[in-house]
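Below is one structure, written out as C-alpha cells; comments come after it.
The values are calculated or read from the model by the stated rules, or taken from the named source; none is laboratory data. Everything numeric here is computed off the predicted structure, so don't read it as measured data. Cβ sites come from the backbone with ideal geometry, for glycine too, and all protein chains shown count toward neighbours. Please note that ligands, DNA and RNA were not included when accessible areas were found on the heavy atoms of the full protein model with its side chains. Shrake-Rupley method; radii C 1.70, N 1.55, O 1.52, S 1.80 Å.
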Amino acid sequence: DPDVAGSALKDGRRVVYVGRSRNALAGRFVPIYWSSTFFPVESGCPMLGTWFAEDHPALGRFPTEDWMDGQWRSLSESALVHELTGEAAGLDAIAMPVPDFHVSRYFATMFEARIGPGRLFVCGYPIESPATPESCQLRKSVLDYVGSSAFVPKGVVSIAWFESFAVGKC
C-alpha cells in the first residue's frame, strides 16, 4: 500500500517498493536489434537490453555483469520498468533498461532515494513472492542491502513525488 509506505518514509523507515508506478511499462528479456522500425514491439517502449551497476551493494549477493544475461531472463519477463522523470531524473539507476534510439527517456527497474528522513529502494523485478532461484537470490541480495548500514541513497526526492509515483503494493 503506497499510503503505508509513505507513512513509513515520513517516519524515517526503510521501504522496499515492488509495486506499479504511474508510468510503468512491462519488462522484457529479448532485446530488439537496432531499431523498432524494423522490429516493432507489440506494446510499451522498445528496449535494447539492460545495464546494471554491477558493483552496487544491492547486487552483492546476486553476482552479475553490467549487461543482462541469461540469469535475468525470468526476472525480466515479469519486471516493471519505471520511467524516471521530473524530480526523479537525477536519481542513479541500479538497473537501467536501455530504450531504442527513437526514445529519449530515462528508465530504471531498480533505483534508490532518500525521502525526508526515510530511505526508499524500488525494485521492478518480481521479488515479493519469489518463484524461481533467481528471484529468491535477488530478494535476499536486495533485503540484505536495505537492512545494512551501506543503504545510504545519494539521490533525494520529495514525499509528494513518491505519492504521485506509487500506485501499487509495497
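Okay, here's what the table says:
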{"quantity": "Residue count for the range 58-72, restricted to those that are closer than 19 Å to Val146 by Cβ and assigned to a helix (DSSP H, G or I)", "calculated": "2"}
{"quantity": "Helices (runs of 4 or more DSSP H) (entirely within the range 73-170) containing at least 1 residues that are touching a strand residue (DSSP E or B) at 6+ places or on another chain (Cβ under 8 Å), of a type in the set (A, V, I, L, M, F, W, C) and touching a residue at least 60 places away in the same chain (Cβ under 8 Å)", "calculated": "133-146, 159-165"}
{"quantity": "Any hit, the range 54-68, residues being out of contact with any Pro (no Cβ under 9 Å at 6 or more places or on another chain), hydroxyl-bearing (Ser, Thr, Tyr) and either open to solvent by less than 10 Å² (accessible area, probe 1.4 Å) or at pLDDT below 90 (or both)", "calculated": "no"}
{"quantity": "Residue list for the range 118-137, restricted to those being at pLDDT 95 or above and of a type in the set (D, E, K, R)", "calculated": "Arg119"}
{"quantity": "Single residue of the range 3-44 satisfying the filter (of a type in the set (A, V, I, L, M) and modelled with pLDDT under 70) that is farthest from Met68 (Cα to Cα)", "calculated": "Val41"}
{"quantity": "Any chance Ser78 is among the polar types (S, T, N, Q) and closer than 18 Å to Ala24 by Cβ", "calculated": "yes"}
{"quantity": "Residues being surrounded by 20 or more Cβ atoms within 10 Å (Cβ to Cβ) and within 15 Å of the chain's Cα centre (by Cα) - total across the range 147-170", "calculated": "3"}
{"quantity": "Residue count, the range 115-144 (criterion: closer than 21 Å to Thr64 by Cβ and open to solvent by less than 10 Å² (accessible area, probe 1.4 Å))", "calculated": "10"}
{"quantity": "Qualifying residue in the range 98-114 (condition: open to solvent by 10 Å² or more (accessible area, probe 1.4 Å), over 21 Å from Glu134 (Cβ atoms) and modelled with pLDDT of 90 or more)", "calculated": "yes"}
{"quantity": "Selection within the range 1-21 - more than 14 Å from Ser158 (Cα to Cα) and surrounded by fewer than 13 Cβ atoms within 10 Å (Cβ to Cβ)", "calculated": "Asp1, Asp3, Val4"}
